[in-house]
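The values are calculated or read from the model by the stated rules, or taken from the named source; none is laboratory data. What you see is a predicted model; the values in this text were computed from it and never measured. All Cβ positions, even for glycine, are placed from backbone atoms using ideal geometry, and neighbour counts span all protein chains on display. Areas reflect the complete protein model, heavy atoms only, side chains present, ligands, DNA and RNA absent. Shrake-Rupley method; radii C 1.70, N 1.55, O 1.52, S 1.80 Å.
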Amino acid sequence: MHIVIDFGGTDIQIGLVQNGTVISSTRLPALSQKGLLSRLSDVIGAIYHLLSQSRSSISECTGIGLAAPGVVDPTSRTLLSINDKYSDAVGFPFEQWFEGGFELPCILVNDARAALIGEAAYGVARDKTDAVLIGVSRLLEWKQAQETFYKDKRRVYKHMSVSNVASTYMIFRLQIDKEQTSLGDIAAVIEGTNGDIVGIDVISSGRTHTVRDITVNVLDQAHSQSIHELLQKLSGVQVIHVSDRTFLVHLGGKIEIASKTPVKNRDDLSRVYTPGVAQVCTAIAEQPSKAYSLTIKRNMIAVVSDGTAVLGLGDIGPMAAMPVMEGKAMLFKEFAGVDAFPICLDTKDPDEIVRIVKALAPAFGGINLEDISSPRCFEIEERLKQELDIPVFHDDQHGTAVVLLAGLLNALKITGKQMSDIKVVVNGIGAAGIACSKMLLAAGVRNLIGVDRFGAIHRESHYDNPHWTAFAHLTNPNLEVGGLSEVIKDADVFIGVSAPNILTVEHVQSMAKDPIVFAMANPIPEIDPEQAKPYVRVMATGRSDKPNQINNVLCFPGIFRGALDCRASEINESMKLAAAHAIASVVSDDELNETYIIPSVFNQKVVEKVREAVIEAAYRTGVARKRLRESN
């Protein structure tokens, strides 16, 4: 796999290329020579973010392809000439700069503005007849490189750009008359609508016609429909069908039950079922704790939702919530080997939800509550924690809080500030906001102010919501009043778990020196990261296409893995604090920078470090029920 960096006249485009396909890409604003020297950490952070998206690490990369607009000297491998917009970068030692940051072999590629389509032996080549790849000891002409990318009659390419808005992948299956239409004509139509071609696959090919699947990254369904209509009008093209790659992934559901033991004969049947299974049932009846060793209980989590607060979609009901809960079950298995099953309940009554979950509990080793609206979620969680002897964890509250704290711990290292000295403003005092606030207070924050649409919450005001009343007595020690515009002044940290675009540039400019902004509303954060960037020291969001994503996947797999392995009766505050510190510790001091305060969700160290920290805290606080030697 190669890292590819395109220094254009208007931006810097960064991508990962593997086997001829760009698997992940992003874009940064253009920087001059002076800017490049001072912002190496930004580019490195963006690269680590892409690596996290592709479940990869820097150790898997074999080189960096550096593309620059202009003429490259093959001897010194620096820029000799360049366009006017980038004239101050002439002679800039790009290769040495990046080797210093990554210690990987670098290659400079001429004609950076052409479209990337793949990798060659020493880097990348460009879709231009005059593009030249400069290798370590040779020049690779475009015609030579071209042969590398045409494998099995398949050509895959992707432009080095990514939209800042939500997008999806559509597959257009086309029958193409070779005499009437070329692939270039089709690509021109798609790219003319700003469609981003991700892949082109040959399904069949005859003497006069070919059938191809063209995968396109589109903004939304309306964009897809527009492309569809234009392709239908193209002479010699028949649109056979259009499918959505995301929907294809969900066909028939995303999870299944698999047997661990084959049943091939009568003897197998007698052991896994009657009569042999009766012995196992009797053993559990005599000693219920054996259910942990003789059933799926030891490694099974229930993912429970009523569908009232699903992602950013709100109350869409239990059936529509199933794809999310299936996805959560997948993440448990993929990241931590924890079996999980989605349970979506057709009731909004807290009493009934508690009763149902309690009735289901014998089959499970833990309960993960998900997407239940506030304030009902507080009551449901508290009652289940009191009435069950297995861990109950509301991920929307506590998962967000754990990962937020992990990110803040590292952000404070960068700014040199102490947890006890900072002023924190939390905007949005729902389930996540209250949980985040409690976690930060437990970690040592003293001056925390919660703000909702009614303004700052403080102990001298009356609230109908009992959770706000309790929150008010824990926070806002100086009794600050007013809305966000007033209390944000001189704040060191802003934490948003609220709504899009409520934080302005003026708000950020009024904060203390080196402000830290966690804008976690998803998919549109409280402030556009590009708008905030000139004014903040550290910026984090909930988006996967931005650096420093606050993602609960960093938390819940490892926490439940640890809780199950030590057979914990609950997940307490000490275990959550330990998990946050463990996540933060995965980012080493050498790696830590403004765009890399939180590890990748695909970093294999995360789950194990969180697991170990959670187990240690469980034994320390007396909630682990498995002998220490067994757990280890």
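Is there a residue in region 388-399 that is open to solvent by 10 Å² or more (accessible area, probe 1.4 Å), touching a residue at least 24 places away in the same chain (Cβ under 8 Å) and of a type in the set (Phe, Trp, Tyr)?
Checking region 388-399: not a single residue is open to solvent by 10 Å² or more (accessible area, probe 1.4 Å), touching a residue at least 24 places away in the same chain (Cβ under 8 Å) and of a type in the set (Phe, Trp, Tyr).
Among the listed residues Thr621, Thr595, identify the single one that is among the polar types (S, T, N, Q), over 23 Å from Ala361 (Cα atoms), touching a residue at least 12 places away in the same chain (Cβ under 8 Å) and touching an Asp or Glu at 6+ places or on another chain (Cβ under 6 Å).
Within the list Thr621, Thr595, the selection yields Thr595.
From the list Asn551, Asn522, pick out the single residue that is of a type in the set (S, T, N, Q), closer than 20 Å to Leu412 by Cβ, out of contact with any Leu (no Cβ under 7 Å at 6 or more places or on another chain) and open to solvent by 20 Å² or more (accessible area, probe 1.4 Å).
Unique residue meeting the criteria: Asn551.
In the set Ser574, Ser585, Ser569, which member is of a type in the set (Ser, Thr, Tyr), at pLDDT 95 or above and under 15 Å from Leu408 (Cβ atoms)?
Of Ser574, Ser585, Ser569, the one residue that is of a type in the set (Ser, Thr, Tyr), at pLDDT 95 or above and under 15 Å from Leu408 (Cβ atoms) is Ser585.
Mind checking which residues of region 283-321 are touching a residue at least 60 places away in the same chain (Cβ under 8 Å) and open to solvent by 60 Å² or more (accessible area, probe 1.4 Å)?
Ile296, Arg298, Leu311, Gly312
For region 358-374, how many residues are of a type outside the set (Asp, Glu) and either crowded, with 16+ Cβ neighbours inside 10 Å or assigned to a strand (DSSP E or B) (or both)?
10
Residues to consider are Lys260, Lys264, Lys233, Lys254; find the one that is of a type in the set (D, E, K, R) and under 24 Å from Asp196 (Cβ atoms).
The conditions single out Lys233.
When you scan region 402-412, do you find a residue that is assigned to a loop (DSSP other than H, G, I, E, B), out of contact with any helix residue (DSSP H, G or I) (no Cβ under 8 Å at 6 or more places or on another chain), farther than 26 Å from Lys348 by Cα and of a type outside the set (Ser, Thr, Tyr), even just one?
Looking for residues that are assigned to a loop (DSSP other than H, G, I, E, B), out of contact with any helix residue (DSSP H, G or I) (no Cβ under 8 Å at 6 or more places or on another chain), farther than 26 Å from Lys348 by Cα and of a type outside the set (Ser, Thr, Tyr), one finds none in region 402-412, hence no.
Looking at Arg453, is it at pLDDT below 95, within 30 Å of Ile353 (Cβ to Cβ), open to solvent by 10 Å² or more (accessible area, probe 1.4 Å) and basic (Lys, Arg)?
Against the criterion (at pLDDT below 95, within 30 Å of Ile353 (Cβ to Cβ), open to solvent by 10 Å² or more (accessible area, probe 1.4 Å) and basic (Lys, Arg)), Arg453 qualifies.
Per-residue answers, yes or no, for (1) farther than 27 Å from Ser24 by Cα; (2) open to solvent by 20 Å² or more (accessible area, probe 1.4 Å); (3) among the basic types (Lys, Arg); (4) not in a helix (DSSP H, G or I):
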{"site": "Tyr463", "(1), (2), (3), (4)": "yes, yes, no, yes"}
{"site": "Lys513", "(1), (2), (3), (4)": "yes, yes, yes, yes"}
{"site": "Met539", "(1), (2), (3), (4)": "no, yes, no, yes"}
{"site": "Pro557", "(1), (2), (3), (4)": "no, no, no, no"}
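Counting only residues that are crowded, with 24+ Cβ neighbours inside 10 Å and of a type in the set (Gly, Ala, Ser), how many does region 492-501 have?
1
Evaluate the following for Val487: is it crowded, with 21+ Cβ neighbours inside 10 Å, of a type in the set (Val, Ile, Thr) and within 24 Å of Ile550 (Cβ to Cβ)?
Yes; evaluated as a whole, the condition is true for this residue.
Hey, could you check region 605-632 for residues that are small (Gly, Ala, Ser) and more than 26 Å from the chain's Cα centre (by Cα) and say which is farthest from Glu334 (Cα to Cα)?
Gly622
Identify all residues within region 327-357 that are within 19 Å of Val606 (Cα to Cα), charged (D, E, K, R) and in a loop (DSSP other than H, G, I, E, B); write none if there are none.
None; the set is empty.
Does Phe602 fit the bill of being assigned to a loop (DSSP other than H, G, I, E, B), under 16 Å from the mean Cα position of the chain (by Cα) and of a type outside the set (S, T, N, Q)?
Spelling it out, Phe602 is indeed assigned to a loop (DSSP other than H, G, I, E, B), under 16 Å from the mean Cα position of the chain (by Cα) and of a type outside the set (S, T, N, Q).
State yes or no: is Ile197 under 30 Å from Lys328 (Cα atoms), of a type in the set (A, V, I, L, M), open to solvent by less than 50 Å² (accessible area, probe 1.4 Å) and at pLDDT 85 or above?
Considered against the rule, which asks whether it is under 30 Å from Lys328 (Cα atoms), of a type in the set (A, V, I, L, M), open to solvent by less than 50 Å² (accessible area, probe 1.4 Å) and at pLDDT 85 or above, Ile197 comes out as no.
Would you be able to say whether some residue in region 559-582 is within 22 Å of the chain's Cα centre (by Cα) and in a loop (DSSP other than H, G, I, E, B)?
Taking every residue of region 559-582 in turn, none turns out to be within 22 Å of the chain's Cα centre (by Cα) and in a loop (DSSP other than H, G, I, E, B).
Just give me the residues in region 322-338 being open to solvent by less than 30 Å² (accessible area, probe 1.4 Å) and either among the aromatic types (Phe, Trp, Tyr) or over 21 Å from the mean Cα position of the chain (by Cα) (or both), in sequence order.
Residue satisfying the conditions is Phe332 alone.
Which condition number does Val445 fail, the rest of (1) loosely packed, with under 15 Cβ neighbours inside 10 Å; (2) under 19 Å from Ala512 (Cα atoms) being met?
Among (1) loosely packed, with under 15 Cβ neighbours inside 10 Å; (2) under 19 Å from Ala512 (Cα atoms), Val445 violates only (1).
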